[in-house]
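The values are calculated or read from the model by the stated rules, or taken from the named source; none is laboratory data. These numbers come from a predicted model, not from an experiment. Please note: Cβ atoms are built from the backbone with ideal geometry, for glycine as well, and neighbour counts cover all protein chains shown. Protein only, heavy atoms only, side chains kept; ligands, DNA and RNA dropped before computing areas. Shrake-Rupley method; radii C 1.70, N 1.55, O 1.52, S 1.80 Å.
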Amino acid sequence: AQSVTQPDIHITVSEGASLELRCNYSYGATPYLFWYVQSPGQGLQLLLKYFSGDTLVQGIKGFEAEFKRSQSSFNLRKPSVHWSDAAEYFCAVASGAGTALIFGKGTTLSVSS
Amino acid sequence: DVKVTQSSRYLVKRTGEKVFLECVQDMDHENMFWYRQDPGLGLRLIYFSYDVKMKEKGDIPEGYSVSREKKERFSLILESASTNQTSMYLCATVHRESGNTIYFGEGSWLTVV
């Protein structure tokens, strides 16, 4: 069965500092991987996705993620965090394109000034 | 623009009531999903459907049922609401034209008293 682990429940980063949010997945075959962001009271917005090809994926809002098969990881990064990035971030895995997503429990990002 | 509409954003229902949560998409998509979101637990899959009149159980189907009579509408039903079903419910659909990206509605906040 597929599963996703986001080891960090809450992270605080200073504005302008770099960010890395960790995600580890469990799945036997090549996974489809996603990062979503959710601002308070809002639905989920897709930041980026990995289906195949280049393991470094660029997304919206200056985010990127790297798929590392050997580590079963798909960590999200941003070189310089803005106060508006404060939100909850979810990593998800699927077995195929368009199939149901299995989510991690989320990481809450706070940005300090 | 991808649009997933959850008609009820905020509901308060009494224990034992039958509750309908509606989700509508106007893009002729086959795949639709219902999730519930709880603090610290992330999003958990309740039911999904890959076509009209088709439904499959997700990870936590107990206490829920669904209806998919038309392609554009996927309804989540709580036959007899209980307080432990107080949660945020999110509907999602797959947009094939953007590489099978899954898009979410804004969510329905349900409180059972």
- Query: Would the stretch B:65-76 turn up any residue that is open to solvent by 40 Å² or more (accessible area, probe 1.4 Å), modelled with pLDDT of 90 or more and within 19 Å of B:V12 (Cα to Cα)?
  - Reply: no
- Task: Please indicate, with yes or no, whether at least one residue in the stretch B:95-112 is more than 12 Å from the chain's Cα centre (by Cα), at pLDDT 95 or above and open to solvent by 50 Å² or more (accessible area, probe 1.4 Å).
- Result: yes
- Message: Need a quick list: strands (runs of 3 or more DSSP E) entirely within the stretch B:61-111 having at least 2 residues that are within 13 Å of another protein chain (Cβ to nearest Cβ) and of a type in the set (V, I, T).
- Response: B:87-95, B:101-104
- Task: Find the residue count for the stretch A:2-54, including only residues that are open to solvent by 20 Å² or more (accessible area, probe 1.4 Å), part of a loop (DSSP other than H, G, I, E, B), at pLDDT 95 or above and away from every other protein chain (no Cβ under 11 Å).
- Result: 7
- Within the stretch A:98-113, can you find the residues that are touching a strand residue (DSSP E or B) at 6+ places or on another chain (Cβ under 6 Å), open to solvent by 10 Å² or more (accessible area, probe 1.4 Å) and within 14 Å of chain B (Cβ to nearest Cβ)? A:A100, A:I102, A:F103, A:K105, A:T108
- Leading residue by the ranking (nearest to A:Y36 (Cα to Cα)) among those in the stretch B:18-35 that are outside any loop (DSSP other than H, G, I, E, B) and open to solvent by less than 20 Å² (accessible area, probe 1.4 Å): B:Y35
- Task: Only residues in the stretch A:75-90 that are free of Cβ contacts under 8 Å to residues at least 12 places away in the same chain and open to solvent by 10 Å² or more (accessible area, probe 1.4 Å) count as the first member; pair them with residues that are part of a strand (DSSP E or B) and among the polar types (S, T, N, Q), Cβ under 9 angstrom, at least 6 apart or cross-chain, and list the lot.
- Result: none
- Determine the pairs where a residue that is touching a residue at least 12 places away in the same chain (Cβ under 8 Å) and at positive phi, located within the stretch B:28-50, has a partner that is hydrophobic (A, V, I, L, M, F, W, C) and assigned to a loop (DSSP other than H, G, I, E, B) with Cβ atoms under 6 Å apart, the partner being 6 or more residues away or on another chain. none
